[in-house]
Amino acid sequence: MERVIGLGGPFIKANDPKALAAWYQKHLGIDFKGATYTVFQFADEKGKPTAGYNVFSFFKKDADYFNPSKKEVMINFIVQDLFGLLEVLKSEGVEIIGEPLDEEYGKFGWVIDPEGNKIELWQPPV
């Protein structure tokens, strides 16, 4: 079974997500379009857009989306078969967090690594 096939993106807690996004936009040229997240569309070697994208997002410092992790960063990885992978990980003794979700933006599941980092697994919609 394939496991992680790509990086979905980093999620970072911030004291002021909008101000931090504005800083990244001003100084690094990352266009957040007034939001606290941005999408990097995948492209081929010629720059032509292809299926898929990465998300770079800031969350409020007190956001509970990272719970039970106490860390300031959460990584999102792309997978092909979320539900199958969660079953394999569970059988290997990996701690699964919450119930997986199947939403318009894809399927989502979460695990905790041995150092307490919450990891989001994402199967993009087809």
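Values quoted throughout were computed directly from the atomic coordinates according to the rules given, and no laboratory measurement underlies them. None of the values given here were measured: they were computed from a predicted structure. Here Cβ is always computed from backbone atoms with ideal geometry, including for glycine, and neighbour counts include all displayed protein chains.
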Q: Report the calculated FRET efficiency for Lys46 and Lys70 (r = Cβ-Cβ distance, R0 = 35 Å), to the nearest 0.05.
A: 0.20
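Report the far tail of the P(r) of the stretch 4-123, meaning the percent of Cα-Cα pairs longer than 26 Å. Write down the numbers at each step before the final one.
Working: 1830 of 7140 pairs.
Distances greater than 26 Å cover 26 percent of the Cα pairs.
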Q. Tell me, what HN-Hα J-couplings in whole Hz come from the Karplus equation 6.51 cos²θ - 1.76 cosθ + 1.60 at θ = phi - 60° for each residue of the stretch 56-67, using x for Gly and Pro?
A. 10, 9, 9, 10, 4, 3, 9, 4, 8, 4, 8, 4
Q. Stretch Leu7-Val39 to full length: gain in nm at 0.36 nm per residue minus the Cα-Cα span?
A. 10.3 nm
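Among DSSP bridges having both ends in the chain, what percentage is antiparallel? Round to the nearest 5. Write down the numbers at each step before the final one.
Values: 25 of 33 bridges.
Counting only bridges with both partners in the chain, antiparallel ones make up about 75 percent.
Fewest Cβ neighbours within 10 Å first, please rank Trp110, Trp23, Trp122 accordingly. Write out the running numbers ahead of the final one.
On the way: Trp110 24, Trp23 14, Trp122 19.
Starting with the residue having the fewest Cβ neighbours, the order is Trp23, Trp122, Trp110.
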Q) In sequence order, what are the phi-derived ³J(HN,Hα) couplings for the stretch 77-93 according to the Karplus relation 6.51 cos²θ - 1.76 cosθ + 1.60 with θ = phi - 60°, rounded to whole Hz, with x for glycine and proline? A) 10, 8, 10, 8, 9, 4, 5, x, 5, 4, 5, 4, 4, 4, 5, 8, x
**Q.** Relative contact order, percent, the chain [alpha-carbon distance under 8 Å, six or more residues apart]
**A.** 27 percent
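What ranking of Thr38, Thr50 emerges when the number of other C-beta atoms within 10 Å of each C-beta is taken as an exposure proxy, fewest first? Intermediate values should be presented prior to the final figure.
On the way: Thr38 19, Thr50 9.
The most exposed by this proxy come first: Thr50, Thr38.
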Q. In the structure shown, do any of Lys48/Lys71; Lys13/Lys33; Lys33/Lys70; Lys33/Lys90 have a Cα-Cα gap over 27 Å, and if so which?
A. Lys48/Lys71; Lys33/Lys70; Lys33/Lys90
